[in-house]
Amino acid sequence: MHSFIIKTLEELVPEKTAIKKFRDDGDFFFVRGKDKKILVLNPTAREIYDLCDGRIVGEIVKVMCLNYPDIDREKMALDVLRFLRSMESSQLVVLK
């Protein structure tokens, strides 16, 4: 089941939305829209977010697997997809 989900979604391109981004003491965070909700990214999430530069999800997973060789590719793909879906529900990226 997971491989079907991964195969289906790995060709999508995550596009960053226009939102205020800030860096402070090494932290990276967003202030979202009218509700002024603050979202903070941990270093790994920031890595994935930074890779949303026109690459397809499959390429992002490949880079993350190179950066973290001890993690199984399927687990990495699921983690990346979960993060991107979370960012999409927070209106920080759009999967196209």
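Every read-out reported here was derived from the displayed coordinates using simple, explicitly stated rules and does not represent laboratory data. Keep in mind that this is a model prediction, so the values were computed, not measured. We place every Cβ from the backbone using ideal geometry, glycine too, and count neighbours over all the protein chains shown.
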### Percent RCO, i.e. relative contact order, over the chain, from Cα pairs under 8 Å lying at least 6 residues apart
37
### Query
Where in the stretch 52-70 does the amide nitrogen come within less than 14 Å of the point 7 Å from the Cα of Val13, taken along Cα to Cβ?
52-60
### Task
Could you pull out the pairs from Lys7/Lys96; Lys7/Lys36; Lys36/Lys96; Lys7/Lys37 whose alpha carbons sit more than 24 Å apart here?
Lys7/Lys36; Lys36/Lys96; Lys7/Lys37
### Label-point separation, Val31 to Val94 (7 Å along Cα→Cβ), nm
2.4
### Message
Looking at the chain, I'd like the Rg to Rh ratio, where Rg is from alpha-carbon atoms and Rh is Kirkwood's inverse mean 1/r.
### Response
0.98
### Task
Any chance you could run the full-extension gain for Ser3 through Asp53? It's 0.36 nm times the residue separation minus the Cα-Cα distance, nm to one decimal.
15.6 nm
#### Entry: For the stretch 84-90, 3J(HN,Hα) per residue [Karplus equation, 6.51 cos²θ - 1.76 cosθ + 1.60, θ = phi - 60°, Hz, x = Gly/Pro]
5, 5, 5, 5, 5, 5, 8
### Summary
Once Lys and Arg are counted +1 and Asp and Glu -1 for all other residues with Cβ under 14 Å from that of Leu51, the total becomes -3
